[in-house]
Each structure stands twice: as C-alpha cells, then as structure tokens.
Amino acid sequence: MNSSSPSNLQQLLSDGKFVVTGECGPPRGSDPEIVRHKAQLLKGVVDAVNVTDNQTAIVRMSSIAASVHILNQGLEPVMQMVVRDRNRIALQSDILGAWSLGIKNILCLSGDHQTFGSQPEAMNVFDIDSMHLIRTIKIMRDEGCDMSGFELKNPPRMFIGAAANPFADPFDYRVIRLAKKIEAGADFIQTQCIYNMDRFKEWIKQSNEEGLTEKVHILAGVTPLKSAGMARYMKNKVAGMDIPDSVIDRMAGVPKEKAAEEGIKICLETIAELRQLEGIHGIHIMAIEWEEKVSEIVKAAGLKH
C-alpha cells in the first residue's frame with residue numbers, strides 16, 4: 001500500500017528547490033534490463049524521471065511496468081498517461097494500480113495520434129481529454145471518489161503534472177490553456193523543448209503577469225540536438241516544435257563529428273538562460289536514447305543541489 005507522504009519531486013518543489021527531471025522511453029519489448037540500464041544512467045543525476053506511455057504511438061513496454069522497474073532501481077518515476085488508448089474506466093483503474101505499486105507522480109497527456117505511429121489503423125479512444133484526466137485525478141485524490149462518485153479506499157494522492165507547449169498556435173491561447181490546466185488541478189507543468197527563446201520568454205512573461213507561476217511549478221523542457229539533420233527533422237516533422245533557422249544553421253556550421261558537442265553547448269546555453277527567468281522552477285531534460293549525456297549536461301550546467 002502506498003504511503004500518503006509527498007513524492008520526492010513534490011517535496012523538493014514545495015521547499016523551493018530548483019529541480020531537474022529526466023526522461024526514459026520504455027523499450028519495444030519486455031526486457032527489464034533496458035529500463036534498469038537507463039535508470040542507472042540517471043540515478044543520482046535527476047530528481048525524478050518521466051516514463052513515457054507508448055510515445056510516438058508505437059507499442060512499447062507499459063509505462064506502469066517501466067515505472068516500477070525504475071522505482072526498484074531507487075529512482076522516482078513520473079508516470080506519463082495518455083488518453084489515446086484507454087477509456088475512463090481503464091484510466092481510473094490504472095491510476096489506482098499505479099498508486100498501489102508506489103508511483104506517486106503522474107503526467108497527463110493526450111498522446112501522439114495513432115496515424116503517426118506504426119499501427120495507424122488502430123482505433124483511438126480519447127473518451128476524455130487530458131484536461132478532464134487532470135480533473136479526474138484531482139477528484140480521486142482530494143475527494144476520495146471516482147468519476148461516478150463511488151468512494152475509494154486508499155485514494156491515489158498523486159502529484160499531478162501536465163504538459164504545455166508555448167510554441168503552438170494560436171499563441172494568444174497558450175497562457176489561457178495553461179490557466180485551464182492549473183484550474184483543472186495541475187500541480188506542475190513540463191514544457192515542450194525550447195529552442196525559440198524569444199517566444200518562450202514572452203510566454204513565461206505573460207504567465208508571470210497572470211500570476212500563474214505562483215500557482216504551479218513550471219519545469220522548462222530542453223532536448224540536446226545530435227545533428228543538423230535531427231534539428232531539421234524536428235522542425236519539419238514534429239508537431240508543435242519551433243526550431244529557429246539560426247539554431248539549424250549553427251548545427252550545420254560545424255563538422256559532423258562536432259555536431260553532438262555543439263548540440264550539448266546549445267542545450268547548456270539554453271539552461272543558463274532559463275535559470276535567469278522568473279517563474280521557472282526546474283529543468284526537464286529530454287534526451288531520449290541519449291541518457292548517458294544527461295549527467296554531463298547536469299554537471300556542466302551546475303544543476304546539482
């Protein structure tokens with residue numbers, strides 16, 4: 001049975017610490033060693049690690065199972081949950097199951113549409129949206145009942161997270177949507193990875209002016225680039241991504257063997273700039289399949305507590 005004490009992530013943020021979270025994508029298979037290896041690369045480096053839920057709409061080990069493997073390695077998971085694949089019954093059931101296994105943090109997402117994945121003919125569910133999922137978990141936690149009003153024994157006292165994309169259009173709606181997620185029950189926010197700093201600064205400025213950064217903990221997302229090709233692909237093929245041409249030109253302007261090094265340099269410069277901004281409570285490093293670089297980034301950025 002899970003204890004009702006706050007998660008490590010929740011406690012650190014409540015104490016005003018500047019946190020660092022990482023990310024772990026479960027494998028396309030059932031080998032727990034792959035998850036354990038990634039966990040060991042991140043242990044002692046980040047305060048918690050996101051565990052993705054069938055990201056890019058491709059079948060992978062379940063987020064719940066991978067979160068438990070990570071927990072068993074002495075690391076705290078942030079279990080991602082998408083509304084694409086489950087109806088409201090299954091969502092609530094998995095939340096209860098996750099809590100019973102010791103998972104205390106959850107990140108509520110819509111999920112990449114199945115047409116982008118390996119099985120585009122799969123039927124989507126989207127019984128409720130991510131906003132409704134946030135509200136559902138808050139009701140389960142604070143009121144101790146499920147969506148039908150049925151009382152829950154040992155309700156899930158989860159620390160609730162949501163995503164924000166300051167780069168999607170229309171821009172004017174970005175801060176309004178953030179306010180709606182906070183009102184629904186989000187305790188912390190992880191942003192899309194940041195390359196367009198001017199636009200991000202405008203978003204966080206508006207969020208500060210609306211008093212939103214006092215109501216929620218915002219973790220700014222960064223992803224180190226490995227190559228100019230990766231930057232171009234993300235700009236052109238990944239929905240909601242905003243990579244200025246100046247960043248692509250910079251990556252393309254160094255020899256190929258130096259590109260990864262340049263990508264890390266850009267990431268470190270971004271983190272340094274983000275740390276100067278009012279309203280940022282931590283950094284979320286998304287280095288999927290490049291977990292071995294997270295320790296280097298955290299140390300070079302001076303992010304250790």
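A residue that is at pLDDT 95 or above, touching a strand residue (DSSP E or B) at 6+ places or on another chain (Cβ under 7 Å), on the phi < 0 side of the Ramachandran plot and of a type in the set (Gly, Ala, Ser) occurs nowhere in region 252-263. Looking only at residues of region 231-243 that are within 20 Å of residue 261 (Cβ to Cβ), touching a residue at least 12 places away in the same chain (Cβ under 8 Å) and of a type outside the set (Gly, Ala, Ser), we find that the one that is surrounded by the most Cβ atoms within 10 Å (Cβ to Cβ) is 243.
Report, by residue number, each residue of region 114-131 that is under 18 Å from the mean Cα position of the chain (by Cα) and part of a helix (DSSP H, G or I). If the condition is that a residue be under 18 Å from the mean Cα position of the chain (by Cα) and part of a helix (DSSP H, G or I), then 130, 131 are the ones that fit. Across region 159-179, the number of residues qualifying as of a type outside the set (Lys, Arg), part of a helix (DSSP H, G or I) and farther than 26 Å from residue 267 by Cα comes to 4. Of the residues making up region 25-58, those that are of a type in the set (Val, Ile, Thr) and at pLDDT below 95 are 56, 58. Can you say whether residue 117 is out of contact with any Lys or Arg (no Cβ under 8 Å at 6 or more places or on another chain), within 23 Å of residue 240 (Cα to Cα), of a type in the set (Gly, Ala, Ser) and buried (at least 17 other Cβ atoms within 10 Å of the Cβ), as far as the supplied structure shows? Here the answer is yes, as residue 117 does meet what is asked. Can you tell which of 130, 110 is at pLDDT 95 or above and small (Gly, Ala, Ser)? After applying the criteria, what remains is 130. If I ask for residues that are in contact (Cβ under 8 Å) with a residue 60 or more places away in the chain and charged (D, E, K, R), which ones from region 252-302 would you list? Residues satisfying the conditions are 273, 275, 278, 289, 291, 292, 293. Of the numbered criteria (1) farther than 26 Å from residue 303 by Cβ; (2) in contact with a strand residue (DSSP E or B) (Cβ under 9 Å, 6 or more places away or on another chain), the one residue 241 fails is (1).
Screening 288, 264, 283, 248 for residues that are farther than 12 Å from residue 225 by Cα and either surrounded by fewer than 18 Cβ atoms within 10 Å (Cβ to Cβ) or of a type outside the set (Gly, Ala, Ser) (or both) leaves exactly one candidate, 283.
One line per residue, one yes/no per condition, for (1) within 18 Å of residue 277 (Cβ to Cβ); (2) surrounded by fewer than 22 Cβ atoms within 10 Å (Cβ to Cβ); (3) polar (S, T, N, Q):
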position	(1), (2), (3)
174	yes, yes, no
178	yes, no, no
186	no, no, no
189	yes, no, no
202	yes, yes, no
205	yes, yes, no
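If the condition is being modelled with pLDDT of 95 or more and out of contact with any helix residue (DSSP H, G or I) (no Cβ under 9 Å at 6 or more places or on another chain), then region 154-182 contributes only 176. In region 36-45, the count of residues that are of a type in the set (Val, Ile, Thr) and free of Cβ contacts under 8 Å to residues at least 24 places away in the same chain is zero. Scanning region 138-150 for residues being closer than 23 Å to residue 217 by Cβ and either touching a Leu at 6+ places or on another chain (Cβ under 9 Å) or in a loop (DSSP other than H, G, I, E, B) (or both) gives a total of 2.
Residue-by-condition table, conditions (1) touching an Asp or Glu at 6+ places or on another chain (Cβ under 8 Å); (2) within 24 Å of residue 77 (Cβ to Cβ):
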position	(1), (2)
134	no, yes
138	no, yes
142	no, yes
152	yes, yes
180	no, no
190	no, yes
195	yes, no
199	yes, no
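The values are calculated or read from the model by the stated rules, or taken from the named source; none is laboratory data. Since we're looking at a predicted model, the values are computed, not measured. Backbone-built Cβ (ideal geometry, glycine too); neighbour counts: all protein chains shown.
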